[in-house]
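> Mind looking over this structure? Questions follow.
The values are calculated or read from the model by the stated rules, or taken from the named source; none is laboratory data. Given the structure is predicted, the values throughout are model-derived calculations rather than measurements. No Cβ is skipped: glycine too gets one built from the backbone with ideal geometry, and neighbour counts run over all protein chains shown. The protein model used for the area step is the full one, side chains on, heavy atoms only, and it has no ligands, DNA or RNA in it. Shrake-Rupley method; radii C 1.70, N 1.55, O 1.52, S 1.80 Å.
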Amino acid sequence: MENTTPWMDRAVALLGTSEVAGSVDNPTIVQFFAEVGQDWIKDDETAWCAAFAGTMLKRSGYSIPVGIETVRARAYNETVGTKVTTPKYGDIVLLNYGNKGVIDHVSFYVEDLGNGLVKCLGGNQSDKVKYSNFKKEDIVGYYRPNPVRREEAQVPQIQTRIPTAPTQAPEQKEGSQASLLVRFLKWLISLIS
């Protein structure tokens, strides 16, 4: 059976990853910023829930926001997923703690616990990667991650055949740059032969 939420496997593998107190920074958390294109952030005190979510999605071949938005929780919406009303395991969850009117956290949906709570897995939840319970009233929306489209992936094209020289040069107008170049190359070759 195909794994439809590979980012969750990656997130689970990082459970317990936490900030380091003091002037030392956890290199794993700093790497999350680098992997989403924000390598100028060199500490683990900067809010990193979005960098964690983006890294898990990117490593799994799924879309992430572009530019500085990769480290903003609010950007993990329609730009990276399809809005859904009934969440499934692994869906993106955007949260607004305490009705401040600002989306200030992103996490991944695990399950509905009943009693108005949902269980989520995310980064920077009490300064670590962990499962946390959130009030449904604080949830702004659920988004199902979109796989990266082929044109977004920017996979380098590898030439599979060696080009061959044409057997006959195309006709050139006398005095054109191409014509002058051909004459020059013929003269150069005659000197070498």
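> Between Lys100 and Thr85, 0.36 nm times their residue separation minus their Cα-Cα distance comes to what?
Difference between extended and current length: 3.2 nm.
> Calculate the FRET efficiency for Thr4 and Val140 from the Cβ-Cβ distance with a Förster distance of 25 Å, rounded to the nearest 0.05.
Rounded to the nearest 0.05, the efficiency is 0.55.
> Continuing with this model, one more query. What is segment 1-131 by shape, rounded, prolate or oblate, if you read a ≥ b ≥ c off the alpha carbon gyration tensor as root eigenvalues and call it rounded for a/c under 1.5, prolate for a/b larger than b/c, and oblate otherwise?
rounded
> Which shape class, rounded, prolate or oblate, goes with segment 77-119 when its Cα gyration tensor gives a ≥ b ≥ c as root eigenvalues, a/c under 1.5 marks rounded, and past that a/b bigger than b/c marks prolate?
Taking the square roots of the gyration eigenvalues as a ≥ b ≥ c, segment 77-119 is oblate.
> Please list, ordered by chain and number, the residues whose modelled amide H lies under 5 Å from the amide H of Glu111; skip anything fewer than 5 residues away on the same chain.
When sequence neighbours closer than 5 places are left aside, the close amide H contacts are Lys119.
> Something else about it: Students sometimes get this wrong: rank Ser23, Ser107 by accessible area, probe 1.4 Å, all chains present, largest first.
The ranking, largest first, comes out as Ser23, Ser107.
> Using only Cα atoms, locate the centre of segment 1-53 and the centre of segment 61-132, then give the distance between them in Å, rounded to an integer.
Segment 1-53 and segment 61-132 have Cα centres separated by 14 Å.
> If you plug each phi of segment 76-93 into the Karplus form 6.51 cos²θ - 1.76 cosθ + 1.60 with θ = phi - 60°, what whole-Hz ³J(HN,Hα) values come out, in order, with x for Gly and Pro?
Karplus values, whole Hz, x for Gly and Pro: 8, 10, 4, 5, 10, x, 9, 5, 10, 9, 10, x, 10, 3, x, 5, 6, 10.
> Going by average Cβ density within 10 Å per residue, which order do the peptides 73-84, 45-56 take, highest to lowest?
45-56, 73-84
> I've got another one for you. When the label point is put 7 Å from the Cα of Thr46 along its Cα-to-beta-carbon vector, which residues of segment 75-109 have a backbone N closer than 17 Å?
Only 75-76, 105-106 fall inside the zone, counting backbone N under 17 Å.
> Using a/c under 1.5 as the rounded threshold, could you call segment 51-107 rounded, prolate or oblate? The axes a ≥ b ≥ c are square roots of the C-alpha gyration tensor eigenvalues, and prolate needs a/b larger than b/c, oblate otherwise.
In terms of gyration-tensor shape, oblate.
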